[in-house]
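Participant: I have a structure I would like to understand better, so I am pasting it below and will then ask my questions one at a time.
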Amino acid sequence: MTHLRSKRLPGPEPGSRPGLGKALVTVAALVASLCLGAITPAEAAPEGASGSPRWTDQAHGFASLAGGTKGGAGGKVVTVKTQADLERYAAAEEPYVIRVAGTIKAEPFGANVVVASNKTIVGVGTAGELVQGELNLKPGTHNVIIRNLTIRDSYVEGNWDCKDTDFDGIQMDTVHHVWIDHNRFSRICDGQLDVRKDSEYVTVSYNRFENNNKTLGIGWTENAKTQITIDHNWFSGTKQRNPSADNCAYAHLYNNYLTAQADPGDPVWTYGNWSRGQTKMVIENSYYRDVQHPYQADTTAELVQRGSILKNTSGRHDAWGAAFEPRDFYEYELHPAAAVPALVKQFAGPQPRIGR
């Protein structure tokens, strides 16, 4: 696929750190903007009506390039409360906006719900949940938005590594144009979110990843094709892959909050961000608290870090190479690192007014 490039836009000087006063002003301004509807859906289209409700807004970051990611916009809006209905509409050939109302418990344990192209799956307020199941995007799938869901509890008690299972929260293989936004992942056996093989134009934003061993894995390929934006996510009580980015052409991480790792006594496989293989990674204005190996890079990879705050961190703090300049690809708003904990704690994960 061809990269769409824009002119470089003015932005903060690399490595600059606004003071606490500016950080507090930024938090207040963002809170005000969100409460006034920046992430709030407008009056939703009636169920079954065509059109593009506000919650199918176009994504930002890499998912916004090369035609963008619109999900099921223009398709029918349906509300589902059962596994059978979720599976039916998610796998359909035509576009749908699928509202998940309440808890859907997948059977059998670890069951896959296949998601086809041109779909938006959105939780209604904070009630939409998929329990002990996986959303699975097969090779070739494209133009998918998964938003405002809780995906939880496919963990097998006593099986910390889960090497003999493949129960991910969301798994995608060789897909393009996918936006994963405002979800909560908790207690998943294997990966909470696996972006596998040669997937392209992916954005992962405002999610909560918690209580898990393997969190966000990217790669499982010899090719360096993946372009991914990871912003405003909260990693809490997670051990590894926060993320692990293997052979990514471009991995842009900004304004993420990493804290409270699980099993901090393991000096090797407890870590934050890892730039692996041929990955080019840029980390900006993130916040690391009580994290071992907050960011590290293979000798074959590149990692640029600027503007982040580190509190009580240990181990590797690698940075080498030039990587890339994200603003050569897209415009984005970079919040000061000091503002990140408050912003992410309040706005990551499902929100009451999305999907209604």
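Participant: Limited to the range 178-200, what total is found for residues that are over 12 Å from the mean Cα position of the chain (by Cα) and within 28 Å of residue 300 (Cβ to Cβ)?
Facilitator: Number of matching residues: 7.
Participant: So which residues in the range 179-189 are open to solvent by less than 20 Å² (accessible area, probe 1.4 Å) and either modelled with pLDDT under 95 or within 16 Å of residue 236 (Cα to Cα) (or both)?
Facilitator: 182, 183, 185, 186, 188, 189, listed by residue number.
Participant: Of (1) within 22 Å of residue 304 (Cα to Cα); (2) among the aliphatic types (A, V, I, L, M); (3) modelled with pLDDT of 95 or more, residue 268 satisfies all except one. Which?
Facilitator: The number of the failed condition is (3).
Participant: Since residue 168 meets every condition but one in (1) in contact with a Cys (Cβ under 7 Å, 6 or more places away or on another chain); (2) crowded, with 22+ Cβ neighbours inside 10 Å, which condition does it not meet?
Facilitator: All conditions pass for residue 168, except number (1).
Participant: Return the residue satisfying two criteria in turn: it lies in the range 332-356 and is crowded, with 20+ Cβ neighbours inside 10 Å and small (Gly, Ala, Ser), and of such residues it is nearest to residue 255 (Cα to Cα).
Facilitator: 337
Participant: Also, quick follow-up: Please indicate, with yes or no, whether at least one residue in the range 171-178 is buried (at least 16 other Cβ atoms within 10 Å of the Cβ), assigned to a loop (DSSP other than H, G, I, E, B) and at pLDDT below 95.
Facilitator: no
Participant: Is it the case that the range 299-321 has a residue that's hydroxyl-bearing (Ser, Thr, Tyr), surrounded by 18 or more Cβ atoms within 10 Å (Cβ to Cβ) and in contact with a Pro (Cβ under 6 Å, 6 or more places away or on another chain)?
Facilitator: For the range 299-321, residues hydroxyl-bearing (Ser, Thr, Tyr), surrounded by 18 or more Cβ atoms within 10 Å (Cβ to Cβ) and in contact with a Pro (Cβ under 6 Å, 6 or more places away or on another chain): present.
Participant: All but one of (1) open to solvent by less than 10 Å² (accessible area, probe 1.4 Å); (2) in contact (Cβ under 8 Å) with a residue 60 or more places away in the chain; (3) assigned to a strand (DSSP E or B); (4) not small (Gly, Ala, Ser) hold for residue 69, so report the exception by its number.
Facilitator: (3)
Participant: A further question follows. Can you pull out the residues in the range 231-258 that are under 18 Å from residue 337 (Cα atoms) and in contact (Cβ under 8 Å) with a residue 60 or more places away in the chain?
Facilitator: 231, 232, 233, 234, 252, 254, 255, 256, 257
Participant: Same structure again: Which members of the range 252-296 meet the condition of being of a type in the set (A, V, I, L, M, F, W, C), assigned to a strand (DSSP E or B) and buried (at least 24 other Cβ atoms within 10 Å of the Cβ)?
Facilitator: Listed by number, the residues that qualify are 253, 258, 274, 281, 283.
Participant: Now for a different question. Within the range 308-333, can you find the residues that are basic (Lys, Arg) and in a loop (DSSP other than H, G, I, E, B)?
Facilitator: Listed by number, the list holds a single entry, 316.
Participant: Another question, if that's okay. For the range 235-251, name all the residues that are in contact with a Ser or Thr (Cβ under 8 Å, 6 or more places away or on another chain), within 27 Å of residue 187 (Cβ to Cβ) and either polar (S, T, N, Q) or open to solvent by 20 Å² or more (accessible area, probe 1.4 Å) (or both).
Facilitator: 236, 238, 240, 241, 242, 246
Participant: Within the bounds of the range 136-156, is there any residue that is open to solvent by 10 Å² or more (accessible area, probe 1.4 Å), at negative phi and free of Cβ contacts under 8 Å to residues at least 24 places away in the same chain?
Facilitator: no
The values are calculated or read from the model by the stated rules, or taken from the named source; none is laboratory data. Note that the coordinates shown come from a computational prediction; the quantities given were computed from them, not determined experimentally. Backbone-built Cβ (ideal geometry, glycine too); neighbour counts: all protein chains shown. For the accessible areas, the whole protein counts, side chains as well, though only heavy atoms, and no ligand, DNA or RNA atoms are used. Shrake-Rupley method; radii C 1.70, N 1.55, O 1.52, S 1.80 Å.
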